[in-house]
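Presented below is the structure to which this report refers.
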Amino acid sequence: MVANLTDNIIENINFIDLQAQQSHIRDNIELSLKKVLDHGMYVNGPEVKEFELELAKFTGAKHVLSCANGTDALSLVLLAKDIKAGDAVFVPSFTFAASAEVIALCGATPIFVDVCPDSFNISISSLKEAINIATQHNLLSKAIIAVDLFGLPADYENLSKIAQEHNLWILADAAQSLGGGISNKKVGTFGLATSTSFFPAKPLGCYGDGGCIFTNDDKLAEDLDCLKSHGQLKSNRSEYVKIGTNSRLDSFQAAILLEKLKVFPAELIHRQKVADCYATYLDSSIRVIKLDDKNKVTSTWAQYTIVLPEHIDRDLLASKLKQEYNIPTAIYYAKPLHRQQAYLEFAKLSPNLPITNKLSKHVLSLPMDGYINLDTVKYISESINMLIRSF
Ligand SMILES: *Cc1c(COP(=O)(O)O)cnc(C)c1O
C-alpha cells in the first residue's frame, strides 16, 4: 500500500498552512480592513467591541476583555489578583515559557507540576505534592495556571476540587484551546479566568499579536478593564485608581479576527477530522491523544502531538521525514521549563517530573490546520509508519 510513497512526494506540505485559510477568506478580510481604514479609529474602534461580543456568544463567558497578546492576558489576571513575592503559583513545566514567566515577573514563585501521560495536561497527584512543597517553604499557595496543552482542556473538574480544598483560584491558559470544551461548557468558562492568544499560529490567530481574557467574575472584569488602560477610571478618565499598563487589541486585528471567527467552527470540525485520520493511520506503536468521550471533551488540536516509541531516534526521524518525504514537523517542547537556565532556581522547589522529562524526549508534532487535505494526512501517517518500521 505504501510501497511507492517515495515516488509520490507531496509537494509543499506546511506545518501550519496559514495561506490556505487566507485564500479562502481574503476578500472578506480586505473589506473588513478597508472599513477600519475608512473610519480611522485604529485604537478602540467599533470592531474591538464587536469582536468581544462575538467571543462572548461563542464561549458563553460573561465578560470578554481583549488585550495585546496572550502573555499580557495571563499577566493582567495575576496583577489584578495582586500576586506578589511570597506567593506560590502552580504551573506545568511542559508548556510554553509565557505560562510561567508571568508568575516570576510578579515576584512570585512558580512551582512546576508534572503532567499526565495521556493528556499532557497538569497532573492532579503532582499538584498535591507541589502544594505540600509550597507550604514546607512558607510560601502562600494562591493559584493554579492550568494549561490546555495542544488544545485539550485540562481536568477542570478535579482541579476545581483541589482548588476549593486549598483555597486557590484557577487561571486557565487557553492560548491553544479556544474553541474546545468539556460537556456543554466551552473554553473561556473554566476557572476564575481564562486567557487566550491570537498569535497567528494559534487555532484562532490574527495577523500580528492579540489576546483576550474571559471571566464570569464582575469585580475581576472591572479591575482588568481598569488595569489594561493604565488604571484609569472608566467613569472619570482623569482619575487613575490603579497602577496599570497599556494592553489593547488593535482595530485592524479585531477586524481580521471577526472574519476568521466566522469560519472558525468549520475549521474546528476539519481539525477533528484530521486528528481522527492520524489516529486511524498511524502505527499502533505510536501514542496519540484520545479524547474523553464520556465527558464529551473537545480539543482544538492546536498541535497534533504524538509520542514516539522509546527506541526511535526522534531527530533522525524528523530529518528523514523532511529530506525524504518533504514532511515538516516540530518539537513542542524539547526542553521543559524546569530544566531551562532561567528557571533553575524554581526547579529546586518542584516535585519530581518524570512524565514531563520523558515526554520532552519523545514527542513530535505533525502538520495540522483547518485546511490540510486528508490524503496528505494519510501520506504523512504512512511515511512515518514506514520509517519507524525501518529503525
Ligand atoms: C502562545 C502561548 C502563550 C502566549 O501567547 P502570546 O500571544 O504569544 O503572548 C501563552 N501560553 C501558551 C500555552 C501559549 O501557547
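Only the coordinates and a few stated rules stand behind these numbers; no lab work does. All figures in this text were calculated on a predicted structure; none of them were measured in a lab. Glycine gets a Cβ as well: all are built from the backbone with ideal geometry, and neighbour counts include every protein chain shown.
Which ordering of 368, 386 is given by a fewest-first count of other beta-carbon atoms within 10 Å?
So the ranking, lowest neighbour count to highest, is 386, 368.
So if we plug the beta-carbon distance of residue 378 and residue 316 into 1/(1 + (r/R0)^6) with R0 = 25 Å, what FRET efficiency do we get, rounded to 0.05?
0.60
Given Cα pairs under 8 Å that are at least 6 residues apart, what percent is the relative contact order of the chain?
After rounding, I find 23 percent.
So how strong a dipole does region 12-120 carry about its Cα centre when Lys and Arg Cβ are +1 and Asp and Glu Cβ are -1, to the nearest 20 debye?
Charge dipole, region 12-120, about its Cα centre: 240 debye, nearest 20.
Go through 102-114, 342-354 and give me the packing order, highest mean Cβ count within 10 Å leading.
Highest-to-lowest ranking by the protection proxy: 102-114, 342-354.
Tell me the label-point distance for the pair residue 340, residue 217, using the 7 Å Cα-to-Cβ offset, in nm and rounded to one decimal.
2.5 nm
Sequence neighbours fewer than 8 away in the same chain don't count; with that in mind, list the lysines whose C-alpha is under 25 Å from residue 320.
335, 358, 361, 378
Please give the contour-minus-distance gain from residue 331 to residue 129: 0.36 nm per residue of separation, less the Cα-Cα distance, rounded to one decimal in nm.
Here the segment from residue 331 to residue 129 would lengthen by 69.9 nm.
Can you put 220, 33, 140 in order, fewest other beta carbons within 10 Å first?
Fewest-to-most Cβ neighbours within 10 Å comes out as 140, 33, 220.
Stretch residue 44-residue 236 to full length: gain in nm at 0.36 nm per residue minus the Cα-Cα span?
Stretched fully, the residue 44-residue 236 segment lengthens by 67.4 nm.
Just tell me which aspartates and glutamates come within less than 18 Å, Cα to Cα, of residue 242; anything on the same chain fewer than 8 places away is out.
72, 82, 218, 222, 223, 225
Determine the percent antiparallel among the DSSP beta bridges restricted to region 121-275, to the nearest 5.
Rounded to the nearest five, the antiparallel share is 55 percent.
Take every DSSP beta bridge whose two residues both sit in the chain, then give the antiparallel share in percent to the nearest 5.
If we restrict to bridges inside the chain, about 60 percent are antiparallel.
With n ≥ 4 as the cut-off for DSSP H runs, can you work out [θ] at 222 nm for the chain, using -39500 (n - 2.57) per run divided by the number of residues, rounded to the nearest 500?
Per the formula, -13000 deg cm²/dmol.
Cα centroids of region 80-135 and region 302-356: how far apart, whole angstrom?
Answer, in whole Å: 20.
Return 129, 47 ranked ascending by Cβ neighbour count within 10 Å, so the fewest neighbours appear first.
129, 47
Please compute the length gained on full extension between residue 82 and residue 140, using 0.36 nm multiplied by the number of residues separating them and subtracting their Cα-Cα distance.
Contour length minus Cα-Cα distance gives 19.6 nm.
Give 81/228; 260/322; 49/185; 142/219; 186/262 a once-over and call out the pairs whose C-alpha atoms are over 20 Å from each other.
Beyond 20 Å between Cα atoms: 260/322; 49/185.
Excluding residues fewer than 8 places away in the same chain, name every one of the aspartates and glutamates whose C-alpha is closer than 14 Å to that of residue 57.
none
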